[in-house]
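First up is the structure itself, then whatever we jot down about it.
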Amino acid sequence: MKKSIFYFVLVVLSAGMLFPACVSNKKFMASQAQVSLLQKENAVKLSQLNESERQEQQLKQEKAALQKESASIQEDLNLLSSESEMTIRDQAARLKDLMDVIQSQNDRTTSLKNSISRALLNYKTDELNVYQKDGKVYVSLSEKLLFNSGSDVVDPKGKEALKSLATVLNSSEDFSVSIEGHTDDVPIKTQRFKDNWDLSTARATSIVRILTKEYGFDATRITASGKGEFHPINLNDSAEGRSGNRRTEIVLSPDLQEIYELLYQ
């Protein structure tokens with residue numbers, strides 16, 4: 001009996017010793033697992049932190065690059081703006097110069113037209129007409145003032161008109177002169193003139209010779225041309241209309257060199 005009790009006590013004591021050991025081992029294993037889990041979580045968080053720092057550093061670099069690019073763009077814009085302002089100022093100045101020259105040219109043209117009108121004041125409106133068009137001065141002389149029908153010889157009365165005109169032209173050096181002969185549409189064919197081209201050109205040439213050889217106008221500033229019947233100012237369906245078409249036009253054109261220089265410099 002005593003021996004049985006002894007063995008029972010021994011078993012109980014052994015179990016008491018083994019149970020705490022088993023419990024401690026389980027706690028240890030659980031702690032290790034928790035530590036391992038914490039280490040993994042820490043590694044993940046550390047990796048995430050490193051990635052965040054890397055991204056932050058990249059963002060800083062990208063921000064610095066953008067700021068540098070922005071500064072470069074702003075510098076270019078400032079330069080372009082400055083150049084644009086200079087260009088606008090230059091263009092405005094050139095435009096003003098051009099407008100001043102055009103206005104001055106118009107003033108001289110108007111003054112010339114008025115001077116010619118005064119010089120030819122004694123002639124009737126059906127004999128000649130002075131007007132301004134497209135920046136030019138036109139002196140339209142009728143056939144009855146200058147020529148007999150079918151002739152290119154200028155009448156004495158016509159020469160007097162040309163003499164008065166030459167006095168004004170000789171004092172206006174910044175204008176060139178074109179003499180244009182015109183006829184009606186009635187065909188002409190004589191021993192001297194084959195057609196209206198011949199007649200209109202011969203009349204223009206006769207006036208050029210009178211202005212240059214008799215009244216001293218500069219021959220380098222004058223030209224002669226025949227327009228025939230192809231530039232009428234009236235219909236050729238009446239005697240009055242045809243009479244108005246038989247004319248010689250003296251066209252005074254201003255020197256545009258200064259304007260060309262401003263436009264193309």
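General observations
- Qualifying lysines (Cα of each under 30 Å from Cα of Lys144; at least 8 residues distant if same chain): Lys113, Lys124, Lys133, Lys136, Lys157, Lys159, Lys163, Lys189, Lys194, Lys213, Lys227
- When the Cα positions of Pro156, Gly226, Thr205 are compared along the charge dipole of region 121-265, Pro156 comes out farthest toward the positive end, with charges on each C-beta of Lys, Arg, Asp and Glu.
- Environment charge of Asp184, counting only residues whose C-beta is closer than 12 Å and scoring Lys/Arg +1, Asp/Glu -1: -1
- Applying the Karplus relation 6.51 cos²θ - 1.76 cosθ + 1.60 with θ = phi - 60° to region 240-249 yields 3J(HN,Hα) values of 5, x, 5, 4, x, 6, 7, 8, 10, 9 Hz, where x marks Gly and Pro.
Bear in mind these aren't lab numbers, they're just calculated from the coordinates by the rules spelled out. The shown structure was predicted, so the numbers you read here are calculated from the model rather than taken from an experiment. For neighbour counting, all protein chains shown are included, and Cβ atoms are generated from backbone atoms with ideal geometry for every residue, glycine included.
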